[in-house]
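The values are calculated or read from the model by the stated rules, or taken from the named source; none is laboratory data. None of these values were measured; they are calculated from a predicted model. Positions of Cβ are generated from backbone atoms using ideal geometry, with glycine treated the same way; all protein chains shown enter the neighbour counts. With ligands, DNA and RNA removed, areas are computed over all heavy atoms of the protein, side chains included. Shrake-Rupley method; radii C 1.70, N 1.55, O 1.52, S 1.80 Å.
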Amino acid sequence: GSGSTGSVAEGIRYAAANGARVINLSLGGDGNDPRLVAAVQAAGAANSLLVCSAGNDSRDIDQQPSYPAAIAAANLLAVASTDPTTGQGMSGFSNFGRLAVQLAAPGASILSSANSGNWVYKSGTSMAAPMASGVAALVTSVNPALGAAGVRAVLMQNATRSDLPVAAGYIDALRSVLA
């Protein structure tokens, strides 16, 4: 529940340097740290796709950024949350943005493991980002020659178009993998 952007930057660098093709970042904050931007760029050079949670402040991060989601990079994909009570509609808590947030994925009432060893239902864009990370990993597994920007493009081009306030739409695993 806490940490520093410097530590996150080092974690990104470590994962990319050790061959991670998809890195999930279920975290965020308001500070734009140059070390984080540099780590995103280094991950891009290492062909790693960063999948970031958009944040849970019900705000347009095109206007009021949340980082790392709002970092503009070809190897970064920001993900908003949808809610099962509204079908594929946006979760009330989810950040959004037609420029900074590329996709939406299920992120409300997700069954997850807890530190206690039990199962709990959790909600947040930190639940939606791993959904997109999983699809990105599937796309990478069926076409390992695709670079990070290529995987990002496949996910965006094959998203289900909607009126959600995100760039591409609702993530579509089947279409993305088949593409």
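Condition check for Asp62 on (1) closer than 17 Å to Leu25 by Cβ; (2) in contact with a Lys or Arg (Cβ under 7 Å, 6 or more places away or on another chain); (3) not polar (S, T, N, Q): one failure, at (1).
Residues are listed down the side, and each one gets a yes or a no for (1) touching a residue at least 24 places away in the same chain (Cβ under 8 Å); (2) open to solvent by 50 Å² or more (accessible area, probe 1.4 Å); (3) β-branched (Val, Ile, Thr):
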| site | (1), (2), (3) |
| --- | --- |
| Leu103 | yes, no, no |
| Ala114 | no, no, no |
| Ser123 | yes, yes, no |
| Met127 | yes, no, no |
| Gly147 | yes, no, no |
| Gly150 | no, no, no |
| Leu164 | yes, no, no |
| Gly169 | yes, no, no |
| Arg175 | no, yes, no |
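For Asp83, are the conditions met, namely being open to solvent by less than 50 Å² (accessible area, probe 1.4 Å) and either free of Cβ contacts under 8 Å to residues at least 60 places away in the same chain or of a type in the set (Lys, Arg) (or both)? It is true that Asp83 is open to solvent by less than 50 Å² (accessible area, probe 1.4 Å) and either free of Cβ contacts under 8 Å to residues at least 60 places away in the same chain or of a type in the set (Lys, Arg) (or both).
Tell me the residue from Ser26, Ser66, Ser94, Ser48 that is within 15 Å of the chain's Cα centre (by Cα), under 26 Å from Gly147 (Cα atoms) and without any contact (Cβ under 8 Å) to a residue 60 or more places away in the chain, please.
After applying the criteria, what remains is Ser66.
Condition test on Ala100, is it under 27 Å from Ala39 (Cβ atoms) and in contact with a Pro (Cβ under 8 Å, 6 or more places away or on another chain)? The answer is yes for Ala100.
Might you let me know whether the range 7-18 holds any residue that is touching a Gly at 6+ places or on another chain (Cβ under 6 Å), open to solvent by less than 30 Å² (accessible area, probe 1.4 Å) and closer than 24 Å to Gly147 by Cβ? Steps first, answer last, please.
So the first thing to find is which residues in the range 7-18 are touching a Gly at 6+ places or on another chain (Cβ under 6 Å), and the list is none.
No, the range 7-18 has no match at all.
Counting only residues that are surrounded by 20 or more Cβ atoms within 10 Å (Cβ to Cβ) and on the phi > 0 side of the Ramachandran plot, the range 53-80 holds 1 of them. Counting only residues that are β-branched (Val, Ile, Thr) and open to solvent by less than 30 Å² (accessible area, probe 1.4 Å), the range 23-39 holds 1 of them.
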